[in-house]
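The values are calculated or read from the model by the stated rules, or taken from the named source; none is laboratory data. Not measured: the values here are computed from a predicted model. Every residue, glycine as well, gets a Cβ built from its backbone with ideal geometry; the counts of neighbours run over all protein chains shown.
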Amino acid sequence: MRTSAPMRRFVSASDALTIGQLSRYELQIARGVSLDTYSDFEQILMEFFAHLIGANMKLGGIVFFRLTNSGLRQKVLEDLIDAKFGSQYDQFWHGTSKQTGLFGLIRQLEQRRNEIVHWKAVGLTSKMEFGLRPPNLWSGKKGTSIFIENVYEFVAKADCLRHYVANFNWWTVRRKEDEPLPEKFVPWRDIFSQPPAFPPSQDHPLFPIWKAPQNRRLSLRRKS
């Protein structure tokens, strides 16, 4: 029997098998991949932090992972970078009025990570697949949704930022002054003197990372 009640724009995960069970599983996999990739990024950030304070990984990790507030942790890193390098790499880390610096990109990453962790997986009838919505599903407010492709965009971004931090760490802290510069690092001299390109262009050293197969959507569906 038909009713005049309007169709809901989303349904809970437990009721959404008609929308596509595979989409639900793909989203679950994407969330797992995203958190693992973010953990890799966080480890490199910790390594950089440890080198800045002159500590080994064990002692540096104890301090770094006690800084559970991401805003405070970033402020500590800002102060350490300023103390060690002065204004030499300001554009790379802080950006300009026209382009975001690495700290700004990290803040974007942290925000998206929080959304991926805390938002609710729901079946969205508008796209006939699962996505993430803000946890207060019944607020009546129109909000954005995070779909599987958006989660993998986060994965690629986290991977690129990890390489930015890792290369900066090697260039400025780990590399000895008399150590020959590997050919692959020659372009980074200019990269560190300006805001980081994101997404990287095709001639950028990080473009293969941005387009890496492991950073693309994993599908469980049969190919037609």
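A few comments on the model shown:
- Residues located in region 139-179, provided they are at pLDDT below 75 and either within 25 Å of His94 (Cβ to Cβ) or of a type outside the set (Lys, Arg) (or both): Ser139, Gly140, Gly143, Arg174, Arg175, Glu177, Asp178, Glu179
- Candidate set: region 204-218, residues that are at pLDDT 90 or above and surrounded by fewer than 18 Cβ atoms within 10 Å (Cβ to Cβ); chosen: the one nearest to the chain's Cα centre (by Cα): Phe207
- Subset of region 95-126 [of a type in the set (Phe, Trp, Tyr) and within 15 Å of the chain's Cα centre (by Cα)]: Phe103
- Filter result for Gly20 (part of a helix (DSSP H, G or I), touching an Asp or Glu at 6+ places or on another chain (Cβ under 7 Å), surrounded by fewer than 19 Cβ atoms within 10 Å (Cβ to Cβ) and modelled with pLDDT under 95): yes
- When residues in region 83-135 are screened for being among the aromatic types (Phe, Trp, Tyr) and closer than 24 Å to Val33 by Cβ, 2 of them pass.
Residue-by-condition table, conditions (1) in a helix (DSSP H, G or I); (2) surrounded by fewer than 15 Cβ atoms within 10 Å (Cβ to Cβ):
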| site | (1), (2) |
| --- | --- |
| Asn114 | yes, yes |
| Thr144 | no, yes |
| Asp159 | yes, no |
| Ala166 | yes, no |
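Per-residue answers, yes or no, for (1) in contact with a helix residue (DSSP H, G or I) (Cβ under 7 Å, 6 or more places away or on another chain); (2) within 20 Å of Phe85 (Cα to Cα); (3) not basic (Lys, Arg):
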residue: Leu102; (1), (2), (3): yes, yes, yes
residue: Gln111; (1), (2), (3): no, no, yes
residue: Pro135; (1), (2), (3): yes, no, yes
residue: Asp159; (1), (2), (3): yes, no, yes
residue: Glu183; (1), (2), (3): no, no, yes
residue: Ser193; (1), (2), (3): yes, yes, yes
